[in-house]
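Novice: A single structure is presented below for examination.
The values are calculated or read from the model by the stated rules, or taken from the named source; none is laboratory data. Only a predicted model underlies this, so the values are computations on that prediction, with no experimental measurement involved. Cβ coordinates were reconstructed from backbone atoms using ideal geometry, including for glycine residues, and neighbour counts include every protein chain displayed. Calculation scope for accessible area: heavy atoms of the full protein, side chains included, ligands and nucleic acids excluded. Shrake-Rupley method; radii C 1.70, N 1.55, O 1.52, S 1.80 Å.
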Amino acid sequence: MRLAIENGVTGLALLLASISATAVPTLAIGQIAPAVSAAPRHATDISEGWRFRFGEQPDAVTTAGFDDGGWQQVSIPHSWNRLGEYALKRSAEADKVQGIGWYRLHLDAPLAVSGQRQYLDFAAVGSIADVWVNGVHVGVHRGAFSRFRFDVTAQWKPGAANVIVVRADNSKPAVGSSTEDVIPLSGDFFVHGGIYRGVTLITANEAGLDLLDYGGPGIYARATNVSVEKADIAVLARLRNQGSASRPLEIVTTLRDAQGGQVAQSHQRLALKFGTAETTASLPLAAPHLWNGRSDPYHYSVTVDVTERGRIIDSVTQPLGIRSFRFDANEGFILNGKYLQLHGVSRHQDREGKGWALTPADQAEDMALIAEMGANTVRMAHYQHADEWVAAADKAGMVAWAEVPYVTTPSLRGGQGSPELWANAEQQLRELIRQDYNHPSVMMWSIGNEVDSAKGFGIKGEPPKPLALLQHLQQVAKQEDSIRPTTFADCCEELGMMETAGEELSGTADLIGYNRYYGWYYPKPLEARAQLGAQMDHFHAKHPALPISISEYGAGGAVSQHSDNVRAGFLNFSGRPQPEEFESFVHEETWPAIGARKYIFASWVWNMFDFASDLREEGDSVDLNTKGLVTDDRKTKKDAFYYYQAQWSDAPMIHLAYKRYAQRAYPVMEVKAYSNAPRAQLSWNGQALGEVTCGDGVCRWPNVMLRPGANRAVVTAQNGASDNAIWTGPDSARGIFVEAGDLAGHVVAGKRFGSDNFVTGGTPMVLNMGGFGGRRLGPPRSVASPNPELYDFWREGDNFSYLLPVPNGKWKVTIHTFEPRPAAPESLTMSVKANGAVALAPFNVKQAAGGALMGLSRSFPARVKDGMLRLDFAGNGGKAVVAAIEVAR
């Protein structure tokens with residue numbers, strides 16, 4: 001089946017940028033708008049001068065005379081929440097409190113004349129906003145992510161002092177809470193409270209383009225019959241007259257090219273009575289310049305002028321991108337008649353120290369980083385993003401997935417969800433589509449994310465039934481936009497991980513994305529490439545008419561935690577550590593499986609940036625999901641960032657991995673670089689170590705020996721790019737220290753232990769798995785020892801061996817072991833051989849240590865003759881257990 005979308009649905013929904021820069025000047029606070037009744041609308045920025053206080057307040061807080069002199073002075077955008085930090089415990093500066101925050105603004109308003117109206121425009125408030133003007137409640141908006149406007153003309157005092165009061169409520173959804181019927185009800189991200197996007201006072205004529213159209217721009221353009229020869233541009237204008245008299249209006253629709261030259265124009269006349277009306281203009285365009293993704297994101301603009309007796313009384317301009325696109329179940333994504341492999345990232349909107357209160361510069365930096373990596377698509381997870389962000393996607397040529405925040409579940413009580421929740425979900429979807437309709441980057445509307453994952457997020461009671469609401473949102477999306485396809489992100493089809501009511505969700509939307517974390521959450525992480533490929537091939541065969549994407553995949557990566565061998569240690573995906581090297585490994589294994597399958601129309605790495613989630617204590621952070629390719633503060637690009645740059649970018653590049661693991665535990669390492677060149681050379685301490693082929697964008701030099709102290713590496717790609725790094729090698733004469741079973745190394749009692757390495761056989765194990773959302777995956781346990789951290793992980797098995805690189809001579813070997821199972825039989829023993837000779841005769845660990853979970857250290861001498869020490873461990877009646885190995889003088 002071929003799902004054809006031959007359109008060029010238009011440019012940016014800038015909302016207040018929906019008001020053209022020339023027609024609608026933005027005024028500073030207190031600046032007086034021209035008192036001309038026929039003038040177009042004016043926008044006054046009211047971001048300064050607000051006062052804020054968190055918590056419930058007396059009823060008088062909404063009145064003009066309330067004393068707020070002691071409140072905190074803030075600027076908009078503002079959020080009271082600060083969450084997510086690179087620490088093992090939440091600091092005193094963190095603020096995850098959810099509830100009620102109050103804002104008050106005293107404003108000397110611009111003048112107005114007869115026939116003008118005033119609107120308060122909020123770009124977003126988390127999550128429920130109640131607004132009062134001069135003591136009168138003017139409206140409530142439920143939903144944290146979309147723009148909304150209130151007509152405050154009846155309460156406003158033009159040319160005088162006014163008081164605006166906003167009650168922002170981001171209470172955690174719970175049965176009986178104020179947010180129980182406001183989506184999202186759950187999810188692996190934190191909903192910040194506050195007026196976290198801009199606020200504007202709009203003064204406009206009482207007749208003109210509709211400012212109350214779900215926060216949209218009032219004009220909606222699309223291109224049909226798109227080819228290199230021509231395109232047909234249809235522009236819908238929604239109008240509103242709030243005066244009593246009928247108005248004789250002319251609607252002038254003008255299409256301009258990127259240089260501002262007029263290329264088409266249309267005129268319609270109508271008598272606009274009280275209420276609303278619509279007009280449609282048709283503009284033929286010969287030889288259109290197409291919006292062509294990253295290679296050429298060309299923009300036209302569409303302006304609708306509302307004129308009366310020759311004078312412009314309202315005007316809105318929207319950029320227009322003309323393109324055709326379609327999704328095919330077998331052929332993938334086609335843009336302007338040509339196949340385009342879509343590869344990119346998902347993005348959450350928070351940032352360290354700011355929460356959701358981002359500046360335009362923050363939005364621009366995020367997009368620049370994504371473009372630098374070579375991505376050509378972005379998934380705006382899991383909600384409507386700021387106008388500046390979607391505009392940046394348009395200008396960068398990104399293909400965008402826009403999403404409504406129907407996440408995890410439709411109900412906290414089980415079942416299909418309440419009528420109130422359905423109404424709220426429909427409202428937020430209509431707002432999303434109308435406000436983002438004119439963005440050429442947006443090519444699909446997502447109607448949900450992981451709505452079959454309630455069990456994983458601790459939702460109790462009767463299993464939710466997510467299908468009915470998903471079907472309803474599908475119908476709403478088609479009412480709003482019959483051209484673009486719908487999609488949704490599936491969590492759990494065939495995984496058997498989450499409890500649902502047994503509903504089949506795939507096929508509800510026109511497209512589907514699968515959130516699949518092979519290499520991370522699922523068994524056998526070292527088989528990620530084969531597992532992911534097989535699963536996608538299975539789904540493609542199961543749903544042959546359904547275009548398929550991978551909407552999430554990835555792994556956690558902590559830039560301060562490092563592994564010597566990602567294939568040896570235990571993967572603690574819900575706890576600590578989560579080494580940066582393992583994140584890179586997962587991406588190296590999964591991307592080739594995706595890139596080789598043309599039918600996968602798009603894929604999005606989860607996630608571009610680490611982001612706030614109060615459900616997590618993982619890696620080297622608290623309250624952060626660490627799956628980002630860049631840290632939450634945008635200061636550090638992880639190695640996996642450069643892996644994708646090597647896959648997706650055409651700019652010559654090479655990057656040495658492992659740089660942050662500068663102090664090495666072992667005297668031998670793999671040197672690895674990412675490059676988009678076919679071959680690269682390595683110089684090591686001034687000596688050439690040879691040229692290698694960079695297969696799949698990865699260049700490897702295995703078993704490179706480090707001398708004690710500084711080791712300088714310089715790598716040069718065939719395309720001319722180069723990079724360098726310095727690694728500090730250990731003093732081999734002091735020995736070697738191994739944390740058995742651990743995926744990362746640590747400094748313990750002044751000794752630098754490397755991660756599990758040089759091992760054959762056995763199985764890595766963990767004492768405490770961690771948990772998700774405050775729910776541990778097992779009871780907390782610890783081992784009684786002077787150094788209990790050595791026992792967090794271990795390796796066990798009937799027989800396993802270590803072959804350790806150690807200089808020749810006499811050594812003292814110390815084995816740290818314990819019995820992890822209280823019910824282990826007394827007959828269980830383990831033994832150790834060194835270079836083939838018995839070093840420790842069979843002994844019962846539990847008995848020798850004095851009980852289970854008691855640390856035990858046993859030492860013996862060993863002599864090394866050929867630079868390698870072999871240690872063999874054997875269990876009798878059970879499994880041998882090794883937590884750490886020390887080889888020292």
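Novice: Can you pull the one-decimal nm distance between simple spin-label points at Tyr339 and Asp650, each 7 Å off the Cα toward Cβ?
Specialist: 1.8 nm
Novice: Run the helix sum for the chain: -39,500 (n - 2.57) per DSSP H stretch of 4+ residues, divided by residue count, reported at 222 nm to the nearest 500 deg cm²/dmol.
Specialist: Using -39500 (n - 2.57) per qualifying helix, the result is -3500 deg cm²/dmol.
Novice: Next question, about the same structure. Could you compute the FRET efficiency for Ala596 and Asp296, with r as their C-beta to C-beta distance and R0 at 25 Å, rounded to 0.05?
Specialist: 0.35
Novice: Out of the trypsin sites (Lys or Arg not before Pro) in the stretch 267-339, which ones are loop residues according to DSSP with at most 10 other C-beta atoms within 10 Å?
Specialist: Counting only loop positions with at most 10 other Cβ atoms within 10 Å, the trypsin sites (Lys or Arg not before Pro) in the stretch 267-339 are Arg309.
Novice: Another question, then. Starting with the highest mean, order 813-819, 583-589, 480-486 by the number of other Cβ atoms within 10 Å, averaged over the residues of each peptide.
Specialist: 583-589, 813-819, 480-486
Novice: How big is the chain in terms of Cα radius of gyration and Dmax, in angstroms?
Specialist: That works out to 30.9, 104 Å for Rg and Dmax.
Novice: At a temperature of 37 °C and a viscosity of 0.692 mPa s, determine how fast the stretch 602-710 diffuses translationally according to Stokes-Einstein, using the Kirkwood radius over alpha-carbon pairs as Rh; express D in µm²/s, rounded to the nearest whole number.
Specialist: Translational diffusion coefficient: 207 µm²/s.
Novice: How many percent of all Cα-Cα pairs in the stretch 261-369 sit more than 19 Å apart?
Specialist: The proportion of pairs with Cα distances above 19 Å equals 68 percent.
Novice: Alpha carbon centre of the stretch 251-304 versus the stretch 747-800: separation in Å?
Specialist: If you average the Cα positions of each part, the centres end up 64 Å apart.
Novice: Compute the label zone of His106 within the stretch 142-172: residues whose backbone N is under 15 Å from the point 7 Å along Cα-to-Cβ.
Specialist: 160-165
Novice: Reported to two decimal places, what Rg/Rh ratio describes the stretch 722-811 when computed on Cα atoms with Rh from the Kirkwood expression?
Specialist: Ratio of gyration radius to Kirkwood radius: 1.05.
Novice: Considering only C-alpha atoms, what is the centroid distance from the stretch 330-356 to the stretch 568-610, in Å?
Specialist: Computed from Cα coordinates, the inter-centre distance equals 16 Å.
Novice: Please report, as a whole percent, how much of the solvent-accessible surface of the stretch 540-581 comes from carbon and sulfur atoms (probe radius 1.4 Å).
Specialist: Of all accessible area on the stretch 540-581, carbon and sulfur atoms account for 59 percent.
Novice: Mind giving me the FRET efficiency for Ala161 and Leu212? R0 is 30 Å, r the Cβ-Cβ distance, nearest 0.05 is fine.
Specialist: That gives a FRET efficiency of 0.70.
Novice: While we're on this one: Could you check the simple spin-label distance between Arg734 and Arg311, using points 7 Å along Cα→Cβ, in nm with one decimal?
Specialist: For the pair Arg734/Arg311, the computed spacing is 8.4 nm.
Novice: With the dipole of the stretch 677-831 worked out from charges on the C-beta (+1 for Lys and Arg, -1 for Asp and Glu) around the Cα centre, which of Val783, Trp701, Leu682 lies farthest toward the positive end?
Specialist: Farthest towards the positive end: Leu682.
Novice: Starting from the exponent 0.38 and prefactor 2.2 Å, build the expected Rg for the stretch 541-642 from its residue count and divide its actual Cα Rg by it.
Specialist: 1.16
Novice: Quote the charge dipole size of the chain about the Cα centre in Debye, to the nearest 20; the model charges only the Cβ of Lys and Arg (+1) and of Asp and Glu (-1).
Specialist: In debye, rounded to 20, the chain gives about 1720.
Novice: Could you give the size of the charge dipole of the stretch 85-142 about its Cα centre, using +1 on the Cβ of each K and R and -1 on the Cβ of each D and E, expressed in debye and rounded to the nearest 20?
Specialist: Roughly 180 debye, rounded to the nearest 20.
Novice: Estimate the FRET efficiency between His543 and Val113 by the formula 1/(1 + (r/R0)^6), using the beta-carbon distance for r and 56 Å for R0, to the nearest 0.05.
Specialist: 0.40
Novice: A further question follows. Could you rank the peptides 533-541, 666-674 by their average count of other C-beta atoms within 10 Å per residue, with the highest value first?
Specialist: 666-674, 533-541
Novice: Right, next: Stretched out fully, how many nm does the piece from Thr693 to Thr760 gain, at 0.36 nm a residue minus the Cα gap?
Specialist: Value of the extension gain: 21.3 nm.
Novice: If you rank Ser827, Ser315 by how much accessible surface each has, with a 1.4 Å probe, what is the order from largest down?
Specialist: Ranking Ser827, Ser315 by accessible area, largest first, yields Ser827, Ser315.
Novice: What does the extension gain come out to for Gln475 and Ala361, with contour length at 0.36 nm per residue minus their alpha carbon separation?
Specialist: 37.4 nm
Novice: Say the cut-off is 27 Å between C-alpha atoms; which of Lys659/Lys751; Lys89/Lys751; Lys395/Lys635; Lys455/Lys637 go over it?
Specialist: Checking Cα-Cα distances, Lys455/Lys637 exceed 27 Å.
Novice: Another question, if that's okay. Val97 label point, 7 Å along Cα→Cβ, cut-off 20 Å on backbone N: hits in the stretch 121-155?
Specialist: Counting backbone N atoms under 20 Å from the label point, the list is 126-130.
Novice: How many nm separate the modelled label positions at Tyr521 and Glu250, each set 7 Å beyond the Cα in the direction of the Cβ?
Specialist: 6.0 nm
Novice: Per residue, how many Å² of accessible area does the chain show with a 1.4 Å probe?
Specialist: 35 Å²
Novice: Right, something else. Which one of Pro217, Ala234, Ala123 is farthest out on the positive end of the charge dipole of the chain, using unit charges on Cβ (Lys, Arg +1; Asp, Glu -1) and the Cα centre as origin?
Specialist: Ala123
Novice: Continuing with this model, one more query. Counting other Cβ atoms within 10 Å, which trypsin sites (Lys or Arg not before Pro) in the stretch 749-787 have at most 15 and lie in a DSSP loop?
Specialist: Here the sparse-neighbourhood loop sites are Arg781.
Novice: Hey, for a label at Glu229 modelled as a point 7 Å past Cα toward Cβ, could you say which residues of the stretch 268-300 have their backbone N under 17 Å away?
Specialist: Zone members listed by number: 284-290.
Novice: Report the extension gain between Thr280 and Gln72 in nm, rounded to one decimal, defined as 0.36 nm multiplied by the number of residues separating them, less their alpha carbon distance.
Specialist: 70.0 nm
Novice: While we're looking at this one, here's another question. Express in whole angstrom the spacing between the alpha-carbon centres of the stretch 65-104 and the stretch 385-399.
Specialist: 28 Å
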